[in-house]
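Below: the structure, in structure tokens.
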Amino acid sequence: MAVNAKAAFNAAYSRMQPEMPAITEKGAIEVKFVVRSRYARLEDIQKEIGSRGVGEHVRLLGLRSDVARLLKAADVFLLTSVSEGIPVTVIEAMAAGVPVVATAVGGVPEILSHRQSGLLTPSGDDHALAEAVCLLAEDDHLRREIVANARHRVGAIFSEQKMHAEYEHC
């Protein structure tokens, strides 16, 4: 990955998060946030973007059906939830070969192993998220290793064959 990152992709924003300014302030990389989500309160979100001073770094896409194409353009996938079940968006990013930085909430640690198939940070720790994004931008070897491990993990746990086999044993 070049120091000038293509995109940081987050498919799970329902509101702006405090880590956006922290990540953009790191200065080591130029980050563009591409947010694909349903916007219940679009005006509030746009106001929040302006108040945080991250407007030049954020592009709101709305609800999209071309997620696979968007993932191909991303350098990192961010899931910054404070609460989750098993997020399919993380599995999709892993399968697409996009390294994942996620908060260690709910079922996320069941999908990602820290520094093996993704990077996990504490929920609410915007500086840890910023550090994780920068680490992936700076450490090519770690990023490639995480992507390879994540793809293997998705195939081993979430493949169609594996899911059918699991249902048969219920």
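None of the figures in this text is laboratory data; all of them are computed from the coordinates on show. All of these numbers come straight from a predicted model, not from anything done at the bench. Because the Cβ atoms are built from the backbone with ideal geometry, glycine has one as well, and the counts that use them run over all protein chains shown.
Once the Cβ-Cβ distance between Ile86 and Ala148 is put in as r, and R0 is 30 Å, what FRET efficiency do you end up with, to the nearest 0.05? Walk me through the numbers on the way to the answer.
Numbers: r = 22 Å, r/R0 = 0.73.
Calculated value: 0.85.
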Listed by chain and number, the residues whose amide H is under 5 Å from that of Gly118, excluding neighbours fewer than 5 places away on the same chain and using placed H, are Ser113
Checking rank on 51-63, 128-140, 90-102, with mean other Cβ inside 10 Å and highest first, the result is 90-102, 128-140, 51-63
Length gained if Arg69 through Glu110 is fully extended, taking 0.36 nm per residue and subtracting the Cα-Cα distance, is 12.1 nm
Under the 7 Å Cα-to-Cβ spin-label approximation, Arg59 and Glu168 lie apart by a distance in nanometres of 4.5
In order over segment 54-66: 3J(HN,Hα) from phi, Karplus 6.51/-1.76/1.60, θ = phi - 60°, whole Hz, x for each Gly or Pro, gives 10, x, 6, 9, 10, 10, 8, 9, x, 6, 10, 9, 9
